Amino acid sequence: QVKEICTNYGELSYIWFDTPGGMPETYAQQLAAYVREVQPNAMLCSRVGYGLGDYASNGDMMVPARNIEGLWETCDTTNDSWSYAWYDENWKSGKEILNRLVSTVARGGTYLLNVGPDGSGRVPAEAAKHLRVAGDWIKENPEIVYGAGASPWGRALPWGDVTVHDGQLNLVIFDWPRDGRLLIPGLETGINSASLKSGGEFAEIEFVQRGSWTELVLPAMPVDHPASVVRLNLNGPVVVDQTHGVHPNTDAVLLAEFADVQGATRKDIRWMEKFGEWKHVNQVSDWSEDGSVVWDVDVLQEGEYHVELRYKGEGRLTWRVETDEGDLLQNNQNSSHVYSNYTMGQLNFDSPGKRSLSVSLVDGDPAKASLLAIRICPVH
């Protein structure tokens, strides 16, 4: 079969193996050697195994939270299945496909998207509809994806994501700010101009840089669908402080993956919801008595913020959330074997600027209590 693929279709750009993990190394070496011989210009996917690939294919349906160096791809699918499944109607919308594509490019990778044709070889109508929405947007905004570099923030921002092209920052806004203020934390380079794309043309918009925060003034409603684009022209090389921002006009989700962990274990875990539908999280568990997860944050505006924790566990768990200013929440909550959001209450930041925020497990099964993230929502 590999010979058929490599000899019947002309020159190939790459060969995507999904070799079973238990295959002996000698067989994988034979497959790789054959491809190298008959398709010398083809790149080999890492799933051939044993370090024989030319680029990394990450876990199925895994869009990483942080930037990754080197050559790699996200391997995704249009619903929850890899081939055609008559019962699987959980289609990713055009906006979701585009968001996952842009997020992958912003993390430094490339996006491989699977479509499972039906028994007649046709792309399912729902998949086609959503693919066209994403594709039409890409045709109008190719510089966001093609030849674009990774985000200097190293992660997504609460309202969307950022790619870099020809030294310009392209801000892709998926969640329009409710008050027309797009807030950007940590940009230390000065801005020459900021332009919003509308109707295929860029028009300059007002902006203010105050300390570590930048504020862009936007219209009341989104100007494009499924995402809008703002282009920033800078007056020098881009420099970014990657501290997570606490926004006064949009929710911020702080993943445990970006925290400092003491007295607990942070590791990646994955599981299959149904055949082929993989889930991946970077979580913290195995808590010691003095274990803690601590984030450094940059608070733009003091005040009260609604706090939720996303976790799973067994039985009742007591968590403590505390700021470096001494404000704290401690709440006894039930738990579930699946990750869910649980309300902790309202936490007060007494002053703006660089702060720290910690979460610790006070009571409950420390081996089963698995913390994924904290969500901070402004109280209006």
(request) Working carefully through the options GLU96, GLU89, GLU73, GLU126, find the one that is under 24 Å from GLY276 (Cα atoms) and touching a Ser or Thr at 6+ places or on another chain (Cβ under 7 Å). (result) GLU73
(request) Check ALA259 against each of (1) crowded, with 18+ Cβ neighbours inside 10 Å; (2) under 17 Å from GLY160 (Cβ atoms) and name the one condition it does not meet. (result) (2)
(request) Among what's in region 271-308 and is in contact with a helix residue (DSSP H, G or I) (Cβ under 7 Å, 6 or more places away or on another chain) and aliphatic (A, V, I, L, M), pick the residue that is surrounded by the fewest Cβ atoms within 10 Å (Cβ to Cβ). (result) VAL284
(message) Quick check on region 21-35. Is at least one of its residues open to solvent by less than 20 Å² (accessible area, probe 1.4 Å) and in a loop (DSSP other than H, G, I, E, B)?
(response) no
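Quickly run through region 132-163 and pick out the residues that are among the aliphatic types (A, V, I, L, M) and out of contact with any Ser or Thr (no Cβ under 7 Å at 6 or more places or on another chain).
Here is the first cut: in region 132-163, the residues among the aliphatic types (A, V, I, L, M) are 133-134, 138, 144-145, 148, 150, 156-157, 162.
Across region 132-163, the qualifying residues are VAL133, ALA134, ILE138, VAL145, ALA150, LEU157.
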(request) Inspect all residues belonging to region 154-168 and state whether any of them is β-branched (Val, Ile, Thr), in contact with an Asp or Glu (Cβ under 9 Å, 6 or more places away or on another chain) and at pLDDT 95 or above. (result) yes
(request) May I ask you to verify whether PRO248 is open to solvent by less than 40 Å² (accessible area, probe 1.4 Å) and in a loop (DSSP other than H, G, I, E, B)? (result) yes
(message) With the requirement that a residue be open to solvent by less than 40 Å² (accessible area, probe 1.4 Å) and among the hydroxyl-bearing types (Ser, Thr, Tyr), what does region 47-90 give you?
(response) TYR55, SER57, THR74, THR77, THR78, SER81
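A quick yes/no check of all residues on (1) under 16 Å from LEU255 (Cα atoms); (2) over 26 Å from the mean Cα position of the chain (by Cα); (3) part of a loop (DSSP other than H, G, I, E, B):
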{"site": "GLU325", "(1), (2), (3)": "no, yes, yes"}
{"site": "SER335", "(1), (2), (3)": "no, no, yes"}
{"site": "GLN346", "(1), (2), (3)": "no, yes, no"}
{"site": "LYS354", "(1), (2), (3)": "no, no, no"}
{"site": "LEU357", "(1), (2), (3)": "yes, no, no"}
{"site": "LEU361", "(1), (2), (3)": "no, yes, no"}
{"site": "LYS368", "(1), (2), (3)": "no, no, yes"}
{"site": "LEU371", "(1), (2), (3)": "yes, no, no"}
{"site": "ILE374", "(1), (2), (3)": "yes, no, no"}
(request) From the list ASP365, ASP324, ASP350, pick out the single residue that is over 22 Å from ALA264 (Cα atoms) and either touching a His at 6+ places or on another chain (Cβ under 9 Å) or of a type in the set (Asp, Glu) (or both). (result) ASP350
(request) Being touching a Ser or Thr at 6+ places or on another chain (Cβ under 9 Å), of a type in the set (S, T, N, Q) and open to solvent by 20 Å² or more (accessible area, probe 1.4 Å) is the filter here, so list the residues in region 176-233 that pass it. (result) SER198, SER212, ASN233
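The values are calculated or read from the model by the stated rules, or taken from the named source; none is laboratory data. All values derive from a computational prediction rather than experimental measurement. Cβ coordinates were reconstructed from backbone atoms using ideal geometry, including for glycine residues, and neighbour counts include every protein chain displayed. Protein only, heavy atoms only, side chains kept; ligands, DNA and RNA dropped before computing areas. Shrake-Rupley method; radii C 1.70, N 1.55, O 1.52, S 1.80 Å.
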